[in-house]
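The values are calculated or read from the model by the stated rules, or taken from the named source; none is laboratory data. Remember, it's a predicted structure, so these values are computed and weren't measured experimentally. Here the Cβ positions follow ideal geometry from the backbone for every residue, glycine too, while neighbour counts run over all protein chains shown.
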């Protein structure tokens, strides 16, 4: 069953998380995650994943002084949301504005976040996945014909 109010509440928490990333406000970023060893993040790279809140926190702490920073975001597709009173999945395609080594650019990524509500009513990310499609992962081209593409 779709719980619109819960999904909207989780989306508000996610938007606060994104604003904290853009401001390099690391305590606000970390506040977006559930403080649990169940947190599992598939990052956009160069590593495959961060497992557990402490590892995620270590990565975000390093981000604060990295030569790269996200400066804005726009939903290109979505957000699509499904969930119940305590677990919500939010997914869509976002354009991330960023600066790296003094140069501004944009990166389009597919994102999925799963947020869980704790006993106090606070939403926290327990899973995050950022990715891009590979050009031809199986060497078989795109088997969906132009007429049937969505």
Against the condition exposed (fewer than 13 other Cβ atoms within 10 Å of the Cβ), in contact with a helix residue (DSSP H, G or I) (Cβ under 9 Å, 6 or more places away or on another chain) and either modelled with pLDDT under 95 or part of a strand (DSSP E or B) (or both), how does residue 85 come out, does it pass?
yes
Which residue out of 121, 78, 45 is without any contact (Cβ under 8 Å) to a residue 40 or more places away in the chain, within 16 Å of the chain's Cα centre (by Cα) and not in a strand (DSSP E or B)?
45
So which residues in segment 98-150 are exposed (fewer than 14 other Cβ atoms within 10 Å of the Cβ) and either closer than 23 Å to residue 69 by Cβ or in contact with a helix residue (DSSP H, G or I) (Cβ under 7 Å, 6 or more places away or on another chain) (or both)?
99, 100, 101, 102, 103, 104, 105, 106, 108, 131, 132
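Matching residues to (1) at pLDDT 95 or above; (2) over 15 Å from residue 129 (Cα atoms); (3) out of contact with any helix residue (DSSP H, G or I) (no Cβ under 7 Å at 6 or more places or on another chain); (4) crowded, with 17+ Cβ neighbours inside 10 Å:
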residue	(1), (2), (3), (4)
6	no, yes, yes, yes
19	yes, yes, yes, no
23	yes, yes, yes, no
39	yes, no, no, yes
57	yes, yes, no, yes
80	yes, no, yes, no
